[in-house]
Every structure is written in structure tokens, then in C-alpha cells.
1. Would you confirm, using the coordinates I've provided, whether Leu196 is assigned to a helix (DSSP H, G or I), touching a residue at least 60 places away in the same chain (Cβ under 8 Å) and not small (Gly, Ala, Ser)?
2. So which residues in segment 52-66 are surrounded by fewer than 19 Cβ atoms within 10 Å (Cβ to Cβ) and in contact (Cβ under 8 Å) with a residue 60 or more places away in the chain, if there are any at all?
3. Could you list, in sequence order, the residues of segment 147-185 that are part of a helix (DSSP H, G or I) and open to solvent by 60 Å² or more (accessible area, probe 1.4 Å)?
4. Considering only segment 231-242, I want to know if a residue exists there that is open to solvent by less than 70 Å² (accessible area, probe 1.4 Å), at pLDDT below 95, part of a helix (DSSP H, G or I) and among the polar types (S, T, N, Q).
5. Check Asp51 against each of (1) closer than 25 Å to Val214 by Cβ; (2) in a helix (DSSP H, G or I) and name the one condition it does not meet.
6. Name the single residue that is surrounded by the fewest Cβ atoms within 10 Å (Cβ to Cβ) among those in segment 187-230 being aromatic (Phe, Trp, Tyr) and over 15 Å from Leu132 (Cα atoms).
7. In the set Ser252, Ser232, Ser245, which member is touching a residue at least 60 places away in the same chain (Cβ under 8 Å), touching a helix residue (DSSP H, G or I) at 6+ places or on another chain (Cβ under 7 Å) and among the small types (Gly, Ala, Ser)?
8. For segment 109-133, enumerate the residues that are under 30 Å from Ile6 (Cβ atoms) and surrounded by fewer than 22 Cβ atoms within 10 Å (Cβ to Cβ).
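The values are calculated or read from the model by the stated rules, or taken from the named source; none is laboratory data. Every value quoted in this text rests on a predicted model; they were computed, and no experiment measured them. All Cβ positions, even for glycine, are placed from backbone atoms using ideal geometry, and neighbour counts span all protein chains on display. Ligands, DNA and RNA are stripped out before the accessible areas are found, and what is left, the full protein with its side chains, is counted by its heavy atoms. Shrake-Rupley method; radii C 1.70, N 1.55, O 1.52, S 1.80 Å.
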Amino acid sequence: MLLLSIPSPHTGVVHLGPLAIRMYGLMLLAGIAACIWLTGVRWVKQGGDWDLVFRVAVWGVGFGIVGARLYHDITSWSEVQAIDAWWAPFAVWKGGLGVWGGILFGCLAGAVIVRRSGNSVFRFMDAVAPGLLLAQGIGRIGNWWNQELFGKPTDLPWGLEIDPEHRPADHLGDSTFHPTFLYELIYDCAMVGVLLLLDRRFRFKPPALFALYVSVYTFGRFFEELLRIDPSHHIAGLRLNAWVSIAVFVLSTAFFIWWQFFHRGRREPVPPPRRTTGPAMAIPRGRR
């Protein structure tokens, strides 16, 4: 008998009178807000303005959600079919957002906005990197509310209680599982601190910090994938996302080493970011 464990909410919906709040979506919004705040603080310190951060957020979040759902639909079609409704491919409120597609589509959309504003895409990528990792960590709390994406059974004191209806068919006799959402939350927040510390102590050549963010995330994600037991395609004994983590880690790490230590191309100009054209924001512009 377990003396300690982490309870799970029995429902992912909180009712405030006639208003039903889906906590999965609320956690995503909290992560987005944290990312905007941290990115804005960093960008303003470099001489930029909040207007560009907000514009990138609007387009990046929109395209990011599309990309994240598209990745999930492609790689986990069986889960989509299980919903058995015409709107199943769009049911983000039931969970199912692939971080790989979200980051890719969101960053591409954001890069277009930054480029059209006349600012450096590479410098903005480094400014947003810690914020993206912070958002990913906070967003994982939504998996706790939905009782999904947990790990293997465990009797450790921090085992996560899962209701029978959310357990896999071959684990109905188990009651507590590894809280992978908590592992990633702790790891991501810790790595945010590491990235901020490294950025303060060393001079990175943009977008080296962004590449480092990708490397530290995929490193931790690989080990998380070894614990998870939710349905997934397997290749040579490893989950699909474990292979994706390996491939992206190798590419991002190789790029970071080459770009930071061996690349001898023309150094990107250092002048302060340009103010964006558009409605003025009632927020003071930062100074170096």
C-alpha cells in the first residue's frame, strides 16, 4: 500500500457557474503568456519594443497550434479515429498537440513577421528561446489535468494516481505511474535557468542560443519518451518521438558547435533592433 502519491484531477473541466473552463487550454494560455513576458523582457533589454513581440505571438501561436495539431493527426491517427466524430482532427481541447509541429510552424510564422519588420530573425530567435522552453514546461500541466501522457507504473512516493478509465488496457491493475508531466516541467524550468545564466555569462552568436535550447529540450525529451506508455509508433524498439529527439538533438548540437566555434562568416550587425511599424504601444522602450 502506497503511503504517498500525487493525485490527479478527476476531470479536466472546471465549472464556474454556467462557464466551463477547460484546464488543458488554460495551461496552454498560461505557457504562452509566460513566453511572451520572458521574451518581451529580453527583447526590450536589447533595445527592441513590445509591439513586435505581441505581433510575433499572435501569428506564432496561431500557426503553432495548427502545426502542433497537424503533427499529432499525422503521427497518432489512431487516437484521432477513436474520437469517432467529423471534428476529431481539430479537437485540441481533448489533448493531442505535437510540440515538434508547433515549434516548427510557430517559428516559421514568427520569422516572417520579424523579417518584415526589418529586425534580425537570428537575434529574435535567441531572445525567444528561453521563453519557448518555459511555455513547454507550463503547458505540460495540461496533461496532468487530462490524465494523459504519463509513464510506466511505479510505486515511488511521487507516483501519479490515474483513474481506471484513463489507464491503458494492459495496465488496468496498476494505480500509480511516473508523472512525466512533472519531470518535464521541472527539467524545462531548470534548463530555462541554465540558458539564461549561460546567455548572461557568454557571448553567443545568434542563433546559437536557440540551437542550444533545441539541444537541451530534445536531450530531456528522449529520456521522457523511454518512460511513456501512451500509444505510439515504434521503430527498432524506440518510440517515434524518441527517434525524432535523437535526430533533432544531433542536428541542433552539430549546428551549435559549428556556428559558435567554427563559423567565420560575416558577423551579424549589432545595432539595436528597429522599432516596428504599427500602432504605438503604451509601454516604455528599453535601453541597453
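1. Yes.
2. Phe54, Arg55, listed by residue number.
3. Residues satisfying the conditions are Pro164, Glu165, His166, Ala169, Asp170, Tyr183.
4. Looking through segment 231-242, at least one residue is open to solvent by less than 70 Å² (accessible area, probe 1.4 Å), at pLDDT below 95, part of a helix (DSSP H, G or I) and among the polar types (S, T, N, Q).
5. Going through the list (1) closer than 25 Å to Val214 by Cβ; (2) in a helix (DSSP H, G or I), Asp51 breaks only (1).
6. Looking at residues that are aromatic (Phe, Trp, Tyr) and over 15 Å from Leu132 (Cα atoms), I get Phe202.
7. Checking each option against the conditions leaves just Ser232.
8. Within segment 109-133, no residue meets the criteria.
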